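**Q** Pasting a structure below so you can have a look.
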Amino acid sequence: MLRIHFTGVDLARVRMAGRPDALWETILSFHRLRDRRDARFFGEWRTETRSRLNGETRLLGALIPARGYFPDFLTPAEGQYGWDLGLDALRALRPERLRRELSLVGAGAGTGFGAAFGTPPPTRLREFMDGGTKHLPRLLGELRAYHRAAVEPYWTHIQAQIEAERAARGRALLDGGADELLASLPPMLRWRAPVLECEYPVDRDVRLRGRGLLLQPSFFCRRTAVTLHDPELPPVLVYPAAAQLASAAASGEAARPAEEQRQRTLGKLVGHTRSVVLRAIGDGATTSELARRAGVSLASASQHACVMREAGLVTTLRHGNAVLHTVTPLGAALLKGGAVVS
């Protein structure tokens, strides 16, 4: 069980990540690639990703065990501001931190993760530890190549899922403050003030001590939330985006490149009314709000939102007893370029 302990100051400093974190998505997707579960949702993604992987990933495989601890340095705090800044932080990694965290991988972090404590590290991991930062260029190269194959083709879809999650949690924050925000998180997270609980491979308590908490929704995170091992690093909780969970349960469709998703239904998206409906969604709208703003019936608003969702222009997420529609980056770009062609 993971228990995150809040003070009053921490509640005031809870914040949502502004965008998906490309390094977290890359590392977590590497877990999904080797995991045979969730085939209905990730099976096709795995097939497509493996077909594009023509480079070396053995070093990544040594650093990221199939289960349990992987080095905190792979997901630096700078990554929340963009892929390039995250890689810059990795490039500037201090040798002593690299060796310390790699030793934890070899020992299963000494917490019940992965390998038994004291088990000799794999050969490649031992070579990396002995070589220190001289192996960083190779690691960065593998990360870039893997990211291009596994994450980049799906980035628009990932952004849409995270935007929908932010819209839902933003509403909860506006409705009831940080307490309501934490209570509205996906079911694997339980808010029992002043403690946020989550099922976890090990028993662990995280005390925020006035530093607050960054909530980072993730597309490739599954089943349980993830946090950093080092308690002195800026606190972050990575958790499965509710929109991703909902789409997996509702449709069973695999994650696919956004272009492929659009091609199947983009032809349906014509006419003045849908242009009005898309604009009416604005920063987020329930079906009732959408119908009122666009001047259409509830059934018509629901139908138009469904078609635009299939075309990749809108993401829908359940929020309480209603559903919340948000415009995806593709939909926003279409709106900036002008009305939908009629």
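**Q** For residue 165, state whether it is modelled with pLDDT of 85 or more, buried (at least 19 other Cβ atoms within 10 Å of the Cβ) and among the acidic types (Asp, Glu). Before you say what the answer is, go through the steps one by one.
**A** On the way: modelled with pLDDT of 85 or more: yes; buried (at least 19 other Cβ atoms within 10 Å of the Cβ): yes; among the acidic types (Asp, Glu): yes.
Criteria met by residue 165.
**Q** Starting from residues that are open to solvent by less than 10 Å² (accessible area, probe 1.4 Å) and among the polar types (S, T, N, Q), keep the ones in the range 213-229 and report whichever is nearest to residue 29 (Cα to Cα).
**A** Ranking the qualifying residues of the range 213-229, first place goes to 218.
**Q** Could you please tell me which pairs satisfy a Cβ distance under 7 Å, a separation of 6+ or placement on different chains, a first residue in the range 159-187 that is polar (S, T, N, Q), and a second residue that is part of a helix (DSSP H, G or I)?
**A** 159/329; 161/243; 161/244; 184/169; 184/172
**Q** Here is a check on your reading of the model: is residue 93 under 26 Å from the mean Cα position of the chain (by Cα), assigned to a loop (DSSP other than H, G, I, E, B), at pLDDT 90 or above and surrounded by 15 or more Cβ atoms within 10 Å (Cβ to Cβ)?
**A** So residue 93 fits the description; yes.
**Q** Here are the criteria: (1) touching a strand residue (DSSP E or B) at 6+ places or on another chain (Cβ under 8 Å); (2) free of Cβ contacts under 8 Å to residues at least 60 places away in the same chain; (3) open to solvent by 20 Å² or more (accessible area, probe 1.4 Å). Tell me which single one residue 300 does not satisfy.
**A** Condition not satisfied by residue 300: (1).
**Q** Look through 143, 125 and report the one residue that is buried (at least 18 other Cβ atoms within 10 Å of the Cβ), on the phi < 0 side of the Ramachandran plot and either in contact with a strand residue (DSSP E or B) (Cβ under 8 Å, 6 or more places away or on another chain) or at pLDDT 80 or above (or both). Give the derivation first.
**A** Details: 125 fails: either in contact with a strand residue (DSSP E or B) (Cβ under 8 Å, 6 or more places away or on another chain) or at pLDDT 80 or above (or both).
The match here is 143.
**Q** Here is a further query. Within the range 265-283, track down each residue that is buried (at least 18 other Cβ atoms within 10 Å of the Cβ) and either modelled with pLDDT of 85 or more or in a helix (DSSP H, G or I) (or both).
**A** 274, 275, 277, 278, 280, 281
**Q** Looking at the range 50-76, I want the residues that are open to solvent by 50 Å² or more (accessible area, probe 1.4 Å) and have a partner that is basic (Lys, Arg) and part of a helix (DSSP H, G or I) with Cβ atoms under 6 Å, at least 6 apart or on another chain. Which pairs are those?
**A** Close Cβ pairs (under 6 Å, with a partner that is basic (Lys, Arg) and part of a helix (DSSP H, G or I)) amount to 66/34.
**Q** Still on this structure, please answer the following. State which residue pairs qualify: first residue without any contact (Cβ under 8 Å) to a residue 40 or more places away in the chain and inside the range 128-154, second residue assigned to a helix (DSSP H, G or I) and exposed (fewer than 14 other Cβ atoms within 10 Å of the Cβ) in any location, beta carbons under 7 Å apart, and separation of 6 or more residues or different chains.
**A** Qualifying pairs under 7 Å: 132/95.
The values are calculated or read from the model by the stated rules, or taken from the named source; none is laboratory data. Owing to the predicted nature of the structure, the values given are computational and were not obtained by experimental measurement. Glycine also receives a Cβ, built like all others from the backbone with ideal geometry; neighbour counts cover every protein chain displayed. Ligands, DNA and RNA are stripped out before the accessible areas are found, and what is left, the full protein with its side chains, is counted by its heavy atoms. Shrake-Rupley method; radii C 1.70, N 1.55, O 1.52, S 1.80 Å.
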